[in-house]
Amino acid sequence: MKRKIITTADGSKTIHIEDWNEQYHSKHGAIQEAYHVFIKNGLNLFENQNVSILEIGFGTGLNAIITYLEGAKKNLDVTYTGVEAYPVSMEELCLLNYVDQLDEKTLKSAFEKMHIANWGDRVSISEIFSLQKQQKNFQEISDEEVFDLIYFDAFGARVQPELWTVSVFSRMYNALKKDGYLVTYSAKGSVRRAMQEVGFNVERLPGPPGKREMLRAKKI
């Protein structure tokens with residue numbers, strides 16, 4: 001499928017898939033969406049502890065690098081796992097501007113480490129942040145009570161409805177520890193009902209710019 005790099009409303013770049021009219025991140029602002037959904041309403045639930053995170057849709061690594069940055073500020077020891085079926089090419093990654101937009105020059109080395117790391121290996125990005133990238137379909141996830149937090153950042157249900165089903169959310173529920181959370185930018189009623197069907201307690205929260213609501217689900 002034809003892909004191109006575009007600039008979103010907050011100045012940060014993302015990848016646009018023309019055949020789907022779909023982006024890896026919100027056209028209203030890639031970085032500000034990631035912060036709102038995954039940091040403000042996800043990572044900020046934790047402080048001064050070890051936290052194990054699963055990202056569904058590792059993509060460009062944006063969520064990973066802001067978690068690296070903000071986790072250090074909150075004294076979190078982060079074990080991060082990113083699942084991606086179709087890795088982004090290095091040519092595309094070199095055209096993204098997250099490090100410059102975040103204005104944190106120290107992030108350049110960490111961002112590079114994340115993307116040159118071998119798939120399947122767990123690597124130390126810093127003393128308090130480790131990363132394992134897994135190249136596989138989301139439907140292959142079989143972890144049991146491993147994660148404290150899931151970033152569910154798959155492509156939208158409009159283009160990939162099979163990723164937003166009871167079957168997939170059952171795997172997410174099983175992968176979380178008790179009292180763990182899943183956060184996603186989606187607020188579709190069908191998504192909320194699928195989460196509830198597998199046992200999640202789901203709440204609607206104010207969405208990022210361009211979206212009225214988002215969802216956060218808790219394993220109880």
Among (1) aliphatic (A, V, I, L, M); (2) open to solvent by 20 Å² or more (accessible area, probe 1.4 Å); (3) in contact with a strand residue (DSSP E or B) (Cβ under 8 Å, 6 or more places away or on another chain) - the single one L176 does not satisfy: (2)
Residue count for the range 11-44, restricted to those that are open to solvent by 20 Å² or more (accessible area, probe 1.4 Å), assigned to a strand (DSSP E or B) and in contact with a Ser or Thr (Cβ under 7 Å, 6 or more places away or on another chain): 2
Number of the condition not met by A72 [criteria: (1) exposed (fewer than 15 other Cβ atoms within 10 Å of the Cβ); (2) out of contact with any Leu (no Cβ under 8 Å at 6 or more places or on another chain)]: (1)
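With respect to T8, is the statement that it is out of contact with any Phe, Trp or Tyr (no Cβ under 7 Å at 6 or more places or on another chain), open to solvent by less than 20 Å² (accessible area, probe 1.4 Å) and not hydrophobic (A, V, I, L, M, F, W, C) true? Show your work before the answer.
On the way: out of contact with any Phe, Trp or Tyr (no Cβ under 7 Å at 6 or more places or on another chain): yes; open to solvent by less than 20 Å² (accessible area, probe 1.4 Å): yes; not hydrophobic (A, V, I, L, M, F, W, C): yes.
Here the answer is yes, as T8 does meet what is asked.
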Qualifying residue in the range 132-142 (condition: assigned to a strand (DSSP E or B), modelled with pLDDT of 95 or more, open to solvent by less than 30 Å² (accessible area, probe 1.4 Å) and touching a strand residue (DSSP E or B) at 6+ places or on another chain (Cβ under 9 Å)): yes
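Taking the condition of being touching a residue at least 40 places away in the same chain (Cβ under 8 Å) and open to solvent by 50 Å² or more (accessible area, probe 1.4 Å), how many residues in the range 88-121 meet it? Break it down stepwise before answering.
Step one: list which residues in the range 88-121 are touching a residue at least 40 places away in the same chain (Cβ under 8 Å), which gives 88, 92, 95-98, 101-102, 107, 110-111, 114-115.
In the following step, the residues that additionally are open to solvent by 50 Å² or more (accessible area, probe 1.4 Å) were identified as 95, 101.
Number of matching residues: 2.
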Number of positions in the range 155-194 that are part of a loop (DSSP other than H, G, I, E, B) and at pLDDT 95 or above: 6
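Report, by residue number, each residue of the range 179-194 that is of a type in the set (S, T, Y), open to solvent by 40 Å² or more (accessible area, probe 1.4 Å) and farther than 10 Å from K219 by Cα.
Pass one, the range 179-194, residues of a type in the set (S, T, Y): 181, 184-186, 190.
From what's left, open to solvent by 40 Å² or more (accessible area, probe 1.4 Å): 181, 190.
Within the range 179-194, just S190 meets the criteria.
Check I65, I128, I31 and return the single one that is within 20 Å of I17 (Cα to Cα) and modelled with pLDDT of 95 or more.
On the way: I65 fails: within 20 Å of I17 (Cα to Cα); I128 fails: within 20 Å of I17 (Cα to Cα).
Of the residues listed, the single one that is within 20 Å of I17 (Cα to Cα) and modelled with pLDDT of 95 or more is I31.
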Which numbered condition E145 misses (of (1) in a loop (DSSP other than H, G, I, E, B); (2) closer than 22 Å to Y35 by Cβ): (2)
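The values are calculated or read from the model by the stated rules, or taken from the named source; none is laboratory data. Note that the structure is a prediction, hence the values are computed from the model and not measured. Please note: Cβ atoms are built from the backbone with ideal geometry, for glycine as well, and neighbour counts cover all protein chains shown. Calculation scope for accessible area: heavy atoms of the full protein, side chains included, ligands and nucleic acids excluded. Shrake-Rupley method; radii C 1.70, N 1.55, O 1.52, S 1.80 Å.
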